[in-house]
Structure formats: C-alpha cells, structure tokens
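Enquirer: The structure under discussion is supplied below as structure tokens; questions concerning it will follow.
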Amino acid sequence: MTSISLQPSGDRARLDFRAGAIVPRVIEQGPDSARVALVAGGALLLGGDHVRIDVTVGAGCTLELEDIGGTVAYDADGERSTWTVNIVVETGGTLLWHALPMVIAHGANVDRLTRITLDAGGRVCLRESVVLGRTGEIAGRVSQRTDITMSGTPVFVEELVVGEGRDVPGLIGANRVLDSVLAVGERMPHHGSLVRVLDFEFPGSLARFLGAAAHQSPIDEVWTRWRQDLSRSNGALAHHGAE
C-alpha cells in the first residue's frame, strides 16, 4: 500500500508517505503545500497485483500529485488485478492530481475503485484516462467505479464495466479512449463544444471526452484551465504551470 498525507503543523506542513507498488517522490514543499511525483516501483499492472493508494490532505493544505509514466494492465490470461484509490480532503484542503493513462491490454482483468471523501470546503481536481487496448488489439476487461461524498452526502457515483470487445450503447460505443477531468468542491467553467461537461447538484463538474485516440482528446486544455482556476483561488501553487 502507498500512502501520502499532508497535514498542517505549525509554520510548515508535515508530509508523510509510505511507498508500496507506487513510490512517492517529493518535488517541492512549502509552508502549507507540497508537490509529489508518483513513480511505479516495478512493472505494473500484472495479473494478481493489488495496488492501493491512500491520500489525505489536511485542513487548509494543498497537495499536487503528478504521475510519472502511465500504467499498462498487461495480458494476464484473465487473472484479476485491482487498483484502489482512497482520497480524504479535510476542511479547506485541495488535491490536484494529474494521473496519466491506464491502458487495458488484451487479456487484462482490472477492477478500479476511486473513493473521494471531502469535508466542507474541501476540493479535488483529478485527471484520469483509460485506453481500451493497445493499437490494433481488443482490450481486456476493466470495471471502473467512482464514489464521491461531501460532508457525508453522496455527490457522484459512477460504475462502468467495459472491454473484452463489448460496446456499451450510449456510453462507450466503439470508442477506445475515456478521458476525464473531475472537479469537486467548486463548479467549473465550460470550455468549448468538444468536451461534454456535467455539473453536479453539489459544487462540482465532470468534463469527459470519448474518442478513438488519446491524441485527439482536448481534455489537456480543460485540465490546465481548471487546475489554474483552483490554484488561483487558493494561491498555494498558482505559480506552477501544468505539466
């Protein structure tokens, strides 16, 4: 299990982490903020692997996570693997996470679960991308679920099972790329007509692109703008450009 925790502590926030299959590397740390890179500690994701990442952002702190290299769920002859992310953001905290694509290769069988729990005033901006199959191959199976609660109230719940050559009418169709930016705790502006944006009843927005190829996605621009908007509003990391 990998864990990362940023908590207020006097004049300088305290950053604690433990390495598992994913290894945290500190890029920068300030009085109430930190930037951390996430690096795979070995080949991921293989059949039978169970990756868990726990992230806690304390009150008033800002944590920015950056994936170094995407993830390939390799052919495992159908053997199940899991990728679980648990995020807790306390009052006034902010998490910015630019996650790179996960590619679901033929023969993979992956269960992905993301749980996000926010206190009042907490905010999250999360970039995620799933690519169904490498070029010219039929993807394996991926089950993807996201559960978000704010102050104990459900904000967003989504579950999707795709792959093994199956289309999902009205959701995926023949598209291979599911690319998203999720913001919770603040409703975000819409940018252009190429990206579908869903505004939640609670403060929050989801921008999504479905397409045949990752390079066609306009989500990078949405991520950059939303990240800058959230950074500007709290000032902690506003001087950094998006990677």
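The values are calculated or read from the model by the stated rules, or taken from the named source; none is laboratory data. Values in this document were obtained by computation on a predicted structure and should not be read as measured data. Cβ atoms come from the backbone with ideal geometry, glycine included; neighbour counts cover every protein chain shown. Surface areas here come from the heavy atoms of the whole protein model, side chains and all, with no ligands, DNA or RNA. Shrake-Rupley method; radii C 1.70, N 1.55, O 1.52, S 1.80 Å.
Enquirer: Identify all residues within the range 121-160 that are open to solvent by 60 Å² or more (accessible area, probe 1.4 Å) and either β-branched (Val, Ile, Thr) or not in a strand (DSSP E or B) (or both); write none if there are none.
Expert: Hits for the range 121-160 are Arg134, Thr135, Gly136, Ile138, Ser151, Gly152, Val157.
Enquirer: In addition: Which one of these is touching a Phe, Trp or Tyr at 6+ places or on another chain (Cβ under 8 Å) and of a type in the set (A, V, I, L, M): Leu46, Leu95?
Expert: The conditions single out Leu46.
Enquirer: Which of the residues belonging to the range 26-46 are in contact (Cβ under 8 Å) with a residue 24 or more places away in the chain and open to solvent by 30 Å² or more (accessible area, probe 1.4 Å)?
Expert: Passing the criteria: Ile27, Asp32, Val39, Ala40, Ala43, Leu46.
Enquirer: Check the range 90-103 and report whether any residue there is over 20 Å from Val57 (Cβ atoms), in contact (Cβ under 8 Å) with a residue 60 or more places away in the chain and not basic (Lys, Arg).
Expert: yes
Enquirer: Determine which member of the set Leu206, Leu171 is within 20 Å of the chain's Cα centre (by Cα), open to solvent by 10 Å² or more (accessible area, probe 1.4 Å) and at pLDDT below 90.
Expert: Leu171
Enquirer: Looking only at the range 1-53, count every residue that is among the hydrophobic types (A, V, I, L, M, F, W, C) and outside any strand (DSSP E or B) and tell me the total.
Expert: Residues that pass the stated criteria total 8.
Enquirer: Give me the pairs: first residue in the range 114-142 and of a type in the set (Asp, Glu), second residue open to solvent by 40 Å² or more (accessible area, probe 1.4 Å), beta-carbon distance under 8 Å, and six or more apart or on different chains, which are they?
Expert: Asp119/Ala59; Asp119/Glu90; Asp119/Thr91; Asp119/Ser151; Glu137/His106
Enquirer: Let me ask you something else. Restricting attention to the range 55-99, and to residues there that are among the acidic types (Asp, Glu) and open to solvent by 30 Å² or more (accessible area, probe 1.4 Å), which single residue is farthest from Arg115 (Cα to Cα)?
Expert: Top of the filtered list is Asp77.
Enquirer: Of the residues Ala73, Ala43, which is more than 18 Å from the chain's Cα centre (by Cα), of a type in the set (A, V, I, L, M, F, W, C) and more than 19 Å from Val124 (Cβ to Cβ)?
Expert: Ala43
Enquirer: Could you give me the residue pairs with C-beta distances under 7 Å whose first residue belongs to the range 204-218 and is closer than 17 Å to His190 by Cβ, whose second residue is crowded, with 20+ Cβ neighbours inside 10 Å and among the hydroxyl-bearing types (Ser, Thr, Tyr) wherever it lies, and which are 6+ apart or on separate chains?
Expert: Cβ pairs passing all conditions: Leu206/Ser180; Ala207/Ser180; Arg208/Ser180; Phe209/Ser217.
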